[in-house]
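Only one structure is covered here, and it is reproduced in the block below.
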Amino acid sequence: MKKIVKLLGLMAAFVVLAVIANPQSAQAAHGDYRVKTLKTYQIKTNSGSDVAFHATPKTKATLWVNQQSVNAKKIKPAVFHKKGIKISKYKTTTWFVQKKVRIYHHLKSANYYYVNNRYGSIAGYIRTNALKRGFSPYGYQITSIKWYGKYDSFHVKDSYKSKNVYMWNYKHTKKVANLKHYPGANYVKTANIVMRHNGKNSNYVYLDGSPDGTSKSIHGYVPAAAITEGSNPDHTGMNYVPIDQFVNNTDFSKYIQTGKNQKLAREIVKLFPNSQPDLGLSKIAVYNYDHFDDSMSGESDPTSTKGYTEIKAFPTIQKWLYAHRKASNATKITGIKKLLDKEGYTASKRASLSGYKIGIQIVNNISFNYPEHDMFGRKNSYTFILGKVDN
């Protein structure tokens, strides 16, 4: 018996010596933070109000940033308590709780929430006593979101076009643009928003769209009262307007006559003095007759020609224009006249045409930087046709 006791004593001594000799290995064996889930929170409201929390007044708590550990059962010491933020500096932030957990380390333990901000840029663990329920009473807080899943057009109301209409960034901390400077733009609505500020609720819409039709989109919150649904009939300042965004023939003809990139289109229309531009026939021109490889409309599906007869297209002229896209407008018009003469459409015949409309879309080597619609570099569309309205 004494031998057994002596042997056990020697073994214990070896263990103590091993720990002294290599304390890091012993710490590694038991150093992980163990995580036990106490409650998982489910978001049941569109704004997240049921899981919304904010910092308690005068708290000194730290949120330990762990972006990927919401379902963790263990957290390495090299990760936990290494990167933190003082939430007292984020008083305008509403935190959304995903889980309530208890974290154990050695002989200590405490309750934490795993939270994230609305934008998902910050997530991690914070002591439960550092937060209280509800949206932050500071800053701009989204209290309601209704997503808008359609691709309808919206624009600034006529009554607001001379007023400052600011578009705000995603956090409502910075002005993205003043829409007064982009009166001709169309936008897509993503959501209807109710936002609380200083105890008062205001209605916003979240909009996205190119301010001139060719450059990168701008997007952000805009006061709902300043916005109306429908295609914008005002094309002031637009480099390009898609054929489907015109309201009627009057609107379309005004764009041809005033658009800053429509000089060549105006010159072509003058070649047919008795044939006025027609929006319906122009859609047929774009979708049925502009399938050249270099056309920005080349992959469009054909549309019905119902309502029009005696349609005459000019594919030879189109092909020549694509081959001479970099030529001056004067060179292009001279070339068009020569090719029209060859096809029998001399100046006298064009002047004698009666009852014909002209369908036209001219995108004359315009520069695009519109990544949201996969449009980069210079784009072209050279198409015009004649046709009669079928009465």
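The values are calculated or read from the model by the stated rules, or taken from the named source; none is laboratory data. On a predicted model such as this, the values are computed, not experimentally measured, just so you know. Neighbour counts run over all protein chains shown; Cβ positions are idealised from the backbone, glycine included. Only protein heavy atoms, including side chains, enter the accessible area calculation; ligands, DNA and RNA are left aside. Shrake-Rupley method; radii C 1.70, N 1.55, O 1.52, S 1.80 Å.
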Does G120 count as part of a loop (DSSP other than H, G, I, E, B) and open to solvent by less than 50 Å² (accessible area, probe 1.4 Å)? yes
For segment 315-330, state whether one or more residues are within 22 Å of M238 (Cα to Cα), of a type in the set (S, T, Y) and at pLDDT 95 or above. yes
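Is it fair to say K379 is crowded, with 18+ Cβ neighbours inside 10 Å and within 30 Å of L207 (Cβ to Cβ)? Full working, then the answer.
Numbers: crowded, with 18+ Cβ neighbours inside 10 Å: yes; within 30 Å of L207 (Cβ to Cβ): yes.
Considered against the rule, which asks whether it is crowded, with 18+ Cβ neighbours inside 10 Å and within 30 Å of L207 (Cβ to Cβ), K379 comes out as yes.
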Under the condition of being of a type in the set (S, T, N, Q) and in contact with a strand residue (DSSP E or B) (Cβ under 7 Å, 6 or more places away or on another chain), which residue from segment 123-152 is surrounded by the most Cβ atoms within 10 Å (Cβ to Cβ)? Q141
If we keep just the residues of segment 185-198 that are under 16 Å from the mean Cα position of the chain (by Cα) and not aliphatic (A, V, I, L, M), which is least open to solvent (accessible area, probe 1.4 Å)? Y187
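Which of the residues belonging to segment 96-109 are in contact with a helix residue (DSSP H, G or I) (Cβ under 8 Å, 6 or more places away or on another chain) and at pLDDT 95 or above? Reasoning before the result, please.
Applying the first criterion (in contact with a helix residue (DSSP H, G or I) (Cβ under 8 Å, 6 or more places away or on another chain)) to segment 96-109 yields 96-98, 100, 106.
Residues satisfying the conditions are F96, V97, Q98, K100.
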A330: passes all of (1) touching a helix residue (DSSP H, G or I) at 6+ places or on another chain (Cβ under 8 Å); (2) within 18 Å of V269 (Cβ to Cβ) but (1)
Please count how many residues of segment 344-371 are outside any strand (DSSP E or B), under 46 Å from the mean Cα position of the chain (by Cα) and of a type in the set (G, A, S). 1
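Kindly check whether there is at least one residue in segment 116-123 that is touching a residue at least 12 places away in the same chain (Cβ under 8 Å) and over 31 Å from the mean Cα position of the chain (by Cα). Reasoning before the result, please.
We begin by selecting, within segment 116-123, every residue touching a residue at least 12 places away in the same chain (Cβ under 8 Å); these are 116-119, 122-123.
If we keep only those that are over 31 Å from the mean Cα position of the chain (by Cα) as well, we get none.
For segment 116-123, residues touching a residue at least 12 places away in the same chain (Cβ under 8 Å) and over 31 Å from the mean Cα position of the chain (by Cα): absent.
Quickly run through segment 101-115 and pick out the residues that are closer than 26 Å to G48 by Cα, surrounded by fewer than 16 Cβ atoms within 10 Å (Cβ to Cβ) and touching a residue at least 24 places away in the same chain (Cβ under 8 Å).
If we filter segment 101-115 for residues that are closer than 26 Å to G48 by Cα, which is where we start, we get 101-103, 110-115.
Okay, now just the ones that are also surrounded by fewer than 16 Cβ atoms within 10 Å (Cβ to Cβ), so 102, 110-111.
Those that are closer than 26 Å to G48 by Cα, surrounded by fewer than 16 Cβ atoms within 10 Å (Cβ to Cβ) and touching a residue at least 24 places away in the same chain (Cβ under 8 Å): R102, N111.
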Residue under evaluation G134, criteria (1) without any contact (Cβ under 8 Å) to a residue 24 or more places away in the chain; (2) at positive phi; (3) of a type in the set (G, A, S), criterion not met: (1)
Which residue is nearest to H235 (Cα to Cα), if the candidates are limited to segment 187-203 and must be in contact with a helix residue (DSSP H, G or I) (Cβ under 9 Å, 6 or more places away or on another chain) and not β-branched (V, I, T)? Y187
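Tell me which helices (runs of 4 or more DSSP H) are completely within segment 249-343 and hold 3 or more residues being in contact (Cβ under 8 Å) with a residue 12 or more places away in the chain, over 22 Å from V389 (Cβ atoms) and open to solvent by 10 Å² or more (accessible area, probe 1.4 Å), or say none if there are none. Spell out how you get there, then give the answer.
Values: elements: 249-258, 263-270, 279-289, 315-323, 329-342.
Answer list for segment 249-343: 315-323, 329-342.
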If I filter segment 158-184 down to residues being of a type in the set (D, E, K, R) and either over 30 Å from Y90 (Cα atoms) or assigned to a strand (DSSP E or B) (or both), which single residue comes out as least open to solvent (accessible area, probe 1.4 Å)? K161
Just wondering, is there one or more residues in segment 77-96 that are basic (K, R) and either within 11 Å of H54 (Cβ to Cβ) or touching a Cys at 6+ places or on another chain (Cβ under 6 Å) (or both)? yes
Candidates D341, D374, filtered to the one that is under 26 Å from the mean Cα position of the chain (by Cα) and either at pLDDT 95 or above or charged (D, E, K, R) (or both): D374
